[in-house]
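A.B. asks: Got a structure for you, written out below as structure tokens; questions coming shortly.
The values are calculated or read from the model by the stated rules, or taken from the named source; none is laboratory data. Quantities reported herein were computed from a predicted structural model and do not represent experimental measurements. Neighbour counts run over all protein chains shown; Cβ positions are idealised from the backbone, glycine included. Heavy atoms of the whole protein, side chains included, go into the accessibility calculation; ligands, DNA and RNA do not. Shrake-Rupley method; radii C 1.70, N 1.55, O 1.52, S 1.80 Å.
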Amino acid sequence: MPDPVEQVIELVAKIRPILAGNPPWIVGAVLADLLSIFLAGHREPMREGLIEEHLKTVRGLIPINEAEIRGRRN
């Protein structure tokens with residue numbers, strides 16, 4: 001069984017070049033649309049909880065990705 005973390009890393013590596021170079025508002029709109037597609041696939045009562053968990057995960061990833069970005073700039 002594949003490691004889920006490795007699967008995420010591989011998929012992000014594939015998607016990142018597609019989004020790279022686009023204006024922030026375009027990338028934000030694309031990510032919002034993809035998230036809405038994900039949420040639409042779940043029943044209404046579950047969506048709010050999924051949004052909260054998603055935002056918690058995003059907030060936790062910000063410092064990790066910020067450090068990576070700063071490391072690439074140095």
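A.B. asks: For the range 1-11, how many residues meet the condition of being in a helix (DSSP H, G or I) and either touching a Cys at 6+ places or on another chain (Cβ under 6 Å) or exposed (fewer than 10 other Cβ atoms within 10 Å of the Cβ) (or both)?
C.D. replies: 3
A.B. asks: Still on this structure, please answer the following. Please work out if Gly21 is on the phi > 0 side of the Ramachandran plot and open to solvent by less than 100 Å² (accessible area, probe 1.4 Å).
C.D. replies: The answer is yes for Gly21.
A.B. asks: While we're on this one: Name the pairs: first residue in the range 50-70 and without any contact (Cβ under 8 Å) to a residue 60 or more places away in the chain, second residue part of a helix (DSSP H, G or I), Cβ to Cβ under 9 Å, at least 6 apart or on different chains?
C.D. replies: Going by the 9 Å Cβ cut-off, the qualifying pairs are Leu50/Phe38; Leu50/Leu39; Ile51/Leu35; Ile51/Leu39; His54/Leu35; His54/Phe38; His54/Leu39.
A.B. asks: If you check Leu11 against the conditions, is it touching a helix residue (DSSP H, G or I) at 6+ places or on another chain (Cβ under 6 Å) and within 25 Å of Glu68 (Cα to Cα)?
C.D. replies: Taking the combined requirement at face value, the residue does not satisfy it.
A.B. asks: When residues of the range 29-41 are filtered for being surrounded by fewer than 10 Cβ atoms within 10 Å (Cβ to Cβ) and either touching a residue at least 12 places away in the same chain (Cβ under 8 Å) or at positive phi (or both), how many remain?
C.D. replies: Matching residues across the range 29-41 total 0.
A.B. asks: Among the residues of the range 29-47, which ones are more than 17 Å from the chain's Cα centre (by Cα) and in a helix (DSSP H, G or I)?
C.D. replies: Glu44, Pro45, Met46
A.B. asks: Among Ile26, Ile15, Ile64, which is the only one that is loosely packed, with under 10 Cβ neighbours inside 10 Å, among the hydrophobic types (A, V, I, L, M, F, W, C) and in a helix (DSSP H, G or I)?
C.D. replies: After applying the criteria, what remains is Ile64.
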